[in-house]
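K.L.:
Right, I'll just put the structure down here and ask away after.
Bear in mind that the values in this text are calculations on the coordinates, not laboratory data. Treat the numbers as computed from the prediction; the structure is a model and nothing was measured. Here the Cβ positions follow ideal geometry from the backbone for every residue, glycine too, while neighbour counts run over all protein chains shown.
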Amino acid sequence: MNGIPISEQGKARAAIRVRKNASETERYAAERLQFYIRQVSGAKLDVTHHISHGTTLHVGRSGEADKLIGSFNWEHLGDDGVLIRTFGQNIVI
């Protein structure tokens with residue numbers, strides 16, 4: 001199997017992570033991501049602020065996401081910009 005496992009046969013194989021002090025927008029984005037992944041796959045991914053050791057979808061900025069991305073000027077995204085990058089078993093959105 002190639003790619004990053006998110007779900008398999010309706011079972012979650014990943015978690016959605018937001019920082020502990022996530023903004024309302026980041027929390028909403030994580031909830032919507034959870035909703036749509038469940039609609040497509042049948043799997044309900046946990047939304048957590050804990051670091052996961054498996055496949056993790058990082059939503060918004062966090063120390064962990066910043067470590068993965070490295071040097072990046074978030075201001076370049078503006079109000080409506082989107083960043084999606086993969087790093088091993090991690091997806092930063």
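K.L.:
Angle between the Cα long axis of helix 24-41 and the longest principal axis of the chain, 0 to 90 degrees, nearest 10?
P.N.:
It works out to around 30 degrees.
K.L.:
Select from Gly78, Gly60, Gly70 the residue whose mean-square fluctuation is largest in a Gaussian network model of the chain (Cα-Cα springs shorter than 10 Å).
P.N.:
Largest GNM mean-square fluctuation: Gly78.
K.L.:
Sort largest first and round to whole Å: the equivalent ellipsoid semi-axes of the chain, each the square root of five times a Cα gyration tensor eigenvalue. Mind dumping the intermediate values first?
P.N.:
Details: eigenvalues 94, 45, 30 Å².
Three semi-axes, in Å: 22, 15, 12.
K.L.:
Could you compute the net charge surrounding Gly10? Neighbours are other residues with a C-beta less than 14 Å from the C-beta of Gly10; K and R count +1, D and E count -1. Each step should come with its number before you reach the end.
P.N.:
On the way: positive: Lys11, Arg13, Arg38, Lys44; negative: Glu8.
Combined, the nearby Lys, Arg, Asp and Glu give +3.
K.L.:
Below 8 Å between Cα atoms, with a sequence gap of 6+, how large is the relative contact order for the chain in percent?
P.N.:
Taking the mean separation of contacting Cα pairs over the length of the chain, I get 32 percent.
K.L.:
Quick check on the chain: helices-only [θ] at 222 nm, where DSSP H runs of length 4 and up contribute -39,500 (n - 2.57) each and the sum goes over total residues. Nearest 500, please.
P.N.:
Theoretical 222 nm ellipticity from helices: -8500 deg cm²/dmol.
K.L.:
Please report the relative contact order for the range 4-56, taking Cα pairs under 8 Å with a sequence separation of at least 6, and give it as a percent rounded to a whole number.
P.N.:
So the answer I get is 50 percent.
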